[in-house]
Structures are given as C-alpha cells and as structure tokens.
1. Assess whether T86 counts as being under 25 Å from F174 (Cβ atoms), without any contact (Cβ under 8 Å) to a residue 60 or more places away in the chain, assigned to a helix (DSSP H, G or I) and open to solvent by less than 60 Å² (accessible area, probe 1.4 Å).
2. Would you check if L54 is open to solvent by 70 Å² or more (accessible area, probe 1.4 Å), in contact with a Pro (Cβ under 8 Å, 6 or more places away or on another chain) and within 27 Å of P173 (Cβ to Cβ)?
3. Which residue out of Q150, Q140 is polar (S, T, N, Q), at pLDDT below 80 and more than 27 Å from G92 (Cα to Cα)?
4. Which of the residues that make up the range 14-51 are open to solvent by 80 Å² or more (accessible area, probe 1.4 Å) and modelled with pLDDT under 80?
5. Do we find that T96 is under 16 Å from P131 (Cβ atoms) and open to solvent by 20 Å² or more (accessible area, probe 1.4 Å) in this structure?
Amino acid sequence: MQRTLRLHRVTIGQTRAVRGPDALETTVVGAVIAIAMLFAVDIGIRQMHVVEALEAASLAATVKRNETVYLATHGHWPTPGDPMMTANARHGQYVTDVQIGQNGNMTMRLRLSRTTGHRREPDTGVLLFRPHLLGVPGYQSVTLLCGYAQPVEPPHARATPNPTTLDRRDLPPFCR
C-alpha cells in the first residue's frame, strides 16, 4: 500500500467558502456597514425634526378652526393676542407658545432637540402659519400656509414678514 504524503495545503484558487474572508474583505464590509448606519442616524434625526414641526401644524389646525368661526361670525380676523383663539392649543410636547398676530397669523414657538456630537442640546425655533382665503366672496374657505410655503395665487391681504427660523429641511413638505 502506497502512502501519499501531504506536506502542505494549497489554498490558492479555492473558493471563499473553504478559505473564509480575508482581512481586506472584512474591513470593506465593516466600512460599508458603518457608512450605512451614519446615513440611517442622520435620516432618523431629520425625521424627528419633522415630527416636532408636525405637532405645531396639528395645534395650528385647532386655532384655524377657532379663527375661521370668528371670521365667519364677525367678518374680520380676531385681534392680535386674543387668548380665546389659542385657549385649547397653547402647549404640546414641542410647542411652548402660540400667539395670534395681524390678519390671523399664528406664531408658534417650538422646543427643538438638536444633537451635537453625542449630546442633545435644547434649542428653540419659530414657525409662522398664515391663513389664506380661497374661493369667491361669500363662499370662501380658509387654508393655512406654514413656514416658507407660498400661495398659488397672490394673497388679497398685505404680505407680512416671515419670522420662521426653522431650516427648510426640518419642515414637513407642505411648509417648504
């Protein structure tokens, strides 16, 4: 009986299943996973900022209803600072204050969460909601324009300065 001596094993040309991944492949896969996680964290932070602005839009809908009823009843917008318009929409988790201005404009102050490095720092921002009348006189409806949104047709009322301090990317799409 003849015996064959194997002095060494040859791995050149064998499949990856036999020899396993090498260091370069492992490093590349690790780098790709790390980059994907960074993008995922950034997208998550952006979505959190949009949620903060969406709460303001939700509270603005309540104030809009109050203002619309006031406009239909009295024929003009409520006076600036009228507490009855904002009585049930004063605070939320992110909204700290709601104020009524000229021509029914609503200014909301938001408490925002900003992340710098590994620390979360509180920040504040302002978001403006402007009522806009649509339709013909006598059959008008009121819609809200928030942030940087512009009406499709020029508004009938005089334009007011926009004190919105939030970044456009942090706003919901209908406010950009």
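1. Values: under 25 Å from F174 (Cβ atoms): yes; without any contact (Cβ under 8 Å) to a residue 60 or more places away in the chain: yes; assigned to a helix (DSSP H, G or I): no; open to solvent by less than 60 Å² (accessible area, probe 1.4 Å): yes.
The answer is no for T86.
2. So L54 fits the description; yes.
3. On the way: Q150 fails: more than 27 Å from G92 (Cα to Cα).
Step by step, each of Q150, Q140 is checked, and only Q140 is polar (S, T, N, Q), at pLDDT below 80 and more than 27 Å from G92 (Cα to Cα).
4. T15, R16, A17, V18, R19, P21 - these are the residues of the range 14-51 that are open to solvent by 80 Å² or more (accessible area, probe 1.4 Å) and modelled with pLDDT under 80.
5. On the way: under 16 Å from P131 (Cβ atoms): no; open to solvent by 20 Å² or more (accessible area, probe 1.4 Å): yes.
Criteria not met by T96.
The values are calculated or read from the model by the stated rules, or taken from the named source; none is laboratory data. Small disclaimer: the values here were computed from a predicted structure and weren't measured. Positions of Cβ are generated from backbone atoms using ideal geometry, with glycine treated the same way; all protein chains shown enter the neighbour counts. In case anyone asks, the SASA skips ligands and DNA or RNA and just uses the protein heavy atoms, side chains included. Shrake-Rupley method; radii C 1.70, N 1.55, O 1.52, S 1.80 Å.
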